[in-house]
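Heads up: the structure comes next, in structure tokens.
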Amino acid sequence: MSIQEPPSVTAKVTVARIAIPDRAETPPAERYIMTLPRKVVRVLADSAVVGWAVLVSAWLLDVRPETGLMATVVLLLTYPLAFYLSGMYEIDVRVSGRRTLQRLVMASVLVAGIAAPLAYLLDSLRLPHALLLSVLALVMLVHPICNQALNWVMHVSLPPLRVAIVGSGEAAEALVRVMKGSRAHEVVAVCADGGTTLRRIVASRRSGGDSLRDGVEQIIVAVTGPLSQETLDVLLEARTHGVPVTDIIPPYEALTGRVPVNHLTKEWVAFASGFLPHRRFEAKVKRLVDIGASLALLLLFLPVGLVLALLVRLDSPGPVFHRQKRVGANSRVFEIIKFRTMRADAERGTGAVWAVRNDTRITRLGKWLRLSRLDEFPQLVNVLRGEMSLVGPRPERPEFVRLLAERVPYYELRHLVKPGITGWAQVCYPYGASVEDARIKLEYDLYYIRHRTPLFDLRVMAKTLSVLLFAQGSR
């Protein structure tokens, strides 16, 4: 087997046949989660920008010192939460200016939505609306500039974590591709068998070598099959000499927000945490939130719903509502309710088929309803019935579930929780219309199931609002 040495690595580390690309070959679905030290730096920098904006606005508007102090406290608490919910602390790659602006706009909407009602309801806050608008405007203007400067500073001052990957198959290739898109990681070695390279790393650490100088700070095992006894012995020795060792799942999850279903083993799935139903107390809290929020949304949007029902009736012949069987928690089949967006005879002669781009079966009004996601408004009734939740995996049709369960590993795991009107997969990946799309969305769904918390649900709902505002992902 031919081997080569990457020019950027000072230690003599052998590299297997997997080529490390010069730049990231990043599919649109890949997402790179920011590491904790970088998140802390960004929170501190954003707080400094917000504090500066409050001081400048208070000076320009000549507000009283106590009012400026109260505004500083409220906005310093509100802005980091809004940035988190809008995804500003999520992506750790160079994203387009348009996507960054979208997140900043979303954060501003959230801040206004939180701070303005507080200022109106609580007289003790005494936040002038002019002060709030001035702060929002200044943050919108200054934050992009500071963000770019901070990116440069962190690139210089926070060196990436240097990792060695053990493996030579698809799992190793996937991890190399993912890590090449992250600023926080640098792949310095890919070892086919692990033996020779790992022994060199361990020998260096055993002799008191510096991990930064020697090139490896972490070893990731990207092998889904059994490891040789030699490799296991070396990995154990590496851990005893201070080199962290992990399998592919934790770093892949942390970097992408997905669980790599093609690289899971039955042993890992059997013992992994998170694949369990909610505890009784958590389930009751989530159910109460679902009921309260659904009732509030139904009352708030009832006039809009009545208008939409009339428009659907006038737009094309057929019923206003479309009822369709879907698979829910514990694989129970229920009937979902949506505003009809296709012709009444859309599946006559074809049966169940995925929607495609520019689908001719979609009505004129239906195209707009899908784009705005308003066709899913009646699903709040399913939430009240207990068949769905506000946040969870998208419910699929029984015909598709049978097909996907045969072709996508561990597909049935998504039925551990109630399906949702929105979900992690829905806000992170566009509409799926193939088995491959279903596999990627399953990876997002499994990540949500393993890491679901009330704060995660709130984050998904905030991202859903962003999707609605910018009309992303519908078909």
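The values are calculated or read from the model by the stated rules, or taken from the named source; none is laboratory data. Note that the structure is predicted; figures quoted are calculated from it, not measured. Cβ atoms come from the backbone with ideal geometry, glycine included; neighbour counts cover every protein chain shown. Remember, those area values only see protein heavy atoms, side chains included, never the ligands or the DNA or RNA. Shrake-Rupley method; radii C 1.70, N 1.55, O 1.52, S 1.80 Å.
Among (1) under 17 Å from Ala433 (Cβ atoms); (2) part of a loop (DSSP other than H, G, I, E, B), which single condition is Arg370 missing?
Going through (1) under 17 Å from Ala433 (Cβ atoms); (2) part of a loop (DSSP other than H, G, I, E, B) one by one, Arg370 breaks only (2).
Give the residue, chosen from Phe339, Phe321, that is open to solvent by 80 Å² or more (accessible area, probe 1.4 Å) and modelled with pLDDT under 95.
Exactly one residue qualifies, and that residue is Phe321.
Name the pairs whose Cβ atoms lie under 6 Å apart, with the first residue in the range 321-334 and within 14 Å of Leu416 (Cα to Cα), the second among the aliphatic types (A, V, I, L, M) and open to solvent by 70 Å² or more (accessible area, probe 1.4 Å), and 6 or more positions between them or separate chains?
Qualifying pairs under 6 Å: Val327/Val333.
Check whether at least one residue in the range 410-431 is under 20 Å from Leu308 (Cβ atoms) and open to solvent by 10 Å² or more (accessible area, probe 1.4 Å), and report yes or no.
The answer is yes, given that some residue of the range 410-431 is under 20 Å from Leu308 (Cβ atoms) and open to solvent by 10 Å² or more (accessible area, probe 1.4 Å).
Of everything in the range 232-264 that's assigned to a helix (DSSP H, G or I), of a type outside the set (Lys, Arg) and over 30 Å from Cys428 (Cα atoms), which residue is modelled with the lowest pLDDT?
Ala238
Under 25 Å from the mean Cα position of the chain (by Cα) and surrounded by fewer than 14 Cβ atoms within 10 Å (Cβ to Cβ), is that true of Leu276?
When the stated conditions are applied, Leu276 passes them.
Being farther than 17 Å from Glu396 by Cβ and open to solvent by less than 60 Å² (accessible area, probe 1.4 Å): is that true of Val307 here?
Against the criterion (farther than 17 Å from Glu396 by Cβ and open to solvent by less than 60 Å² (accessible area, probe 1.4 Å)), Val307 does not qualify.
Pull out all pairs, ordered by first then second residue, where Cβ-Cβ is under 7 Å, the residues are six or more apart or on different chains, the first lies in the range 37-66 and is in a loop (DSSP other than H, G, I, E, B), and the second is surrounded by 12 or more Cβ atoms within 10 Å (Cβ to Cβ).
Between residues of the range 37-66 that are in a loop (DSSP other than H, G, I, E, B) and residues that are surrounded by 12 or more Cβ atoms within 10 Å (Cβ to Cβ), the close pairs are Val63/Pro128; Val63/Leu131.
Consider the range 227-262. How many of its residues are hydrophobic (A, V, I, L, M, F, W, C), buried (at least 17 other Cβ atoms within 10 Å of the Cβ) and over 28 Å from Pro409 (Cα atoms)?
Total meeting the criteria: 4.
Condition first: at pLDDT 80 or above and more than 16 Å from the chain's Cα centre (by Cα). Now tell me which residues in the range 82-106 satisfy that.
Those that are at pLDDT 80 or above and more than 16 Å from the chain's Cα centre (by Cα): Leu104, Val105.
Can you tell me which residue within the range 283-302, out of those that are of a type in the set (Lys, Arg) and out of contact with any strand residue (DSSP E or B) (no Cβ under 7 Å at 6 or more places or on another chain), is least open to solvent (accessible area, probe 1.4 Å)?
Within the range 283-302, the match that is least open to solvent (accessible area, probe 1.4 Å) is Arg287.
Scan (1) within 26 Å of the chain's Cα centre (by Cα); (2) at pLDDT below 90; (3) farther than 21 Å from Gly432 by Cβ; (4) surrounded by 15 or more Cβ atoms within 10 Å (Cβ to Cβ) for the single condition Asp315 breaks and write down its number.
(1)
Within the group Val54, Val40, which residue is over 27 Å from Ala438 (Cα atoms), modelled with pLDDT of 65 or more and within 28 Å of the chain's Cα centre (by Cα)?
Val40
For the range 160-204, what are the residues that are open to solvent by 60 Å² or more (accessible area, probe 1.4 Å) and either modelled with pLDDT under 60 or polar (S, T, N, Q) (or both)?
Ser168, Thr196
Among the residues that make up the range 3-24, is at least one of them more than 29 Å from Val153 (Cα to Cα), among the small types (Gly, Ala, Ser) and modelled with pLDDT of 70 or more?
No, the range 3-24 contains no residue that is more than 29 Å from Val153 (Cα to Cα), among the small types (Gly, Ala, Ser) and modelled with pLDDT of 70 or more.
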